[in-house]
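The values are calculated or read from the model by the stated rules, or taken from the named source; none is laboratory data. Remember, predicted model here, so these are calculated numbers, not experimental data. Cβ: placed from backbone, ideal geometry, glycine included. Neighbour counts: every protein chain shown. Ligands, DNA and RNA are excluded from the accessible area calculation, which covers all protein heavy atoms including side chains. Shrake-Rupley method; radii C 1.70, N 1.55, O 1.52, S 1.80 Å.
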Amino acid sequence: MAQEETIGFVGIGNMGIGIARNLMKYVQYSYSQKVIYFHNRTKDAPNVLSLSQDPAFQWCESTSEVAAKSTILFTILANDNAILQTAKEGIIGVLKPGSVHIDMSTIHPDTSSELQSLHMSKGSLFLSCPVFGRPDAAAAAKLWVLAAGDQATIDRVTPLLNAIGEKLIRIGPDSKAALALKLIGNMFILSNMQTMAGLNSYETTTARIKYKSM
């Protein structure tokens, strides 16, 4: 039996809903408290309404309510401003000392470092865990998860991270490192997409020229 935890989740977007559902599969198998507390900025979003129909997911009216009930809190939000505002207003100082905030948002490394410092000042723990993969990969638990932060804390949450992805990559103690690698990876993926688009354009143009010359 895994260490007993209470799981919270904030950010039920296209990525978040798949991650939350896969976490629930692990929670129901491993924990006696088979519930995930969750919140989303938009209460009537389709993903939120979908989760609300499942009694295993319990809606909370605020991020702070989720944080107060959780020993492990996941967030995946749109940008730096969203995660900083959410953390400062509803997580930092609300999450109990020794509890863990796992942020999976793609943000600037300096923002992640700021979050890590804020948590340290209040006795809570922080892990930066951005992911590689699209919503379909999130739904299928096929994400690649990068994990940076205290290694004992990563050990503690490894079963949960394994439940949402097919590969877990430990980066080191500095939360900046995971985001730096994620941003480099995104640039590499974009570069490859642009190269492929260029090759496709070249092949299409060449084919048209050959056709016209026939």
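Brief remarks follow.
- Solvent-accessible surface (1.4 angstrom probe) belonging to Ser113, in square angstrom, nearest 10: 30 Å²
- Residue with peak Gaussian network fluctuation, the chain [Cα springs, cutoff 10 Å], from Phe126, Phe38, Phe57: Phe57
- The stretch 89-133 - Debye-derived log10 I(q)/I(0), Cα point model, q = 0.17, 0.21, 0.32 Å⁻¹: -0.44, -0.65, -1.20
- The stretch 35-64 and the stretch 14-30: distance between their alpha carbon centers, rounded to Å: 13 Å
- Within the chain, percent of DSSP bridges classed antiparallel, to nearest 5: 10 percent
- Cross-link partners of Lys69 among aspartates and glutamates (Cα-Cα below 19 Å; sequence separation of 8 or more within a chain): Glu4, Glu5, Asp54, Glu61, Glu89, Asp103
- Cα-derived Rg over Rh, computed across the stretch 55-97 with Rh taken as Kirkwood radius: 0.97
- Other residues whose C-beta falls under 13 angstrom from the C-beta of Ile83 contribute a net charge of -3, scoring Lys and Arg +1 and Asp and Glu -1.
- Computing Rg and the Kirkwood Rh from the Cα coordinates of the chain gives a ratio, Rg/Rh, of 1.09.
- Peptide ranges 7-15, 166-174 listed from the most packed, as the mean C-beta count within 10 angstrom indicates: 7-15, 166-174
- Between the beta carbons of Lys43 and Asn162, assuming R0 = 35 Å, the FRET efficiency works out to 0.70 to the nearest 0.05.
- Each label point was placed 7 Å from the Cα along the Cα-to-Cβ direction; for Lys88 and Arg170 their separation is 3.4 nm.
- Rounded to the nearest 20, the Cβ-based charge dipole of the chain about its Cα centre (Lys and Arg +1, Asp and Glu -1) stands at 640 debye.
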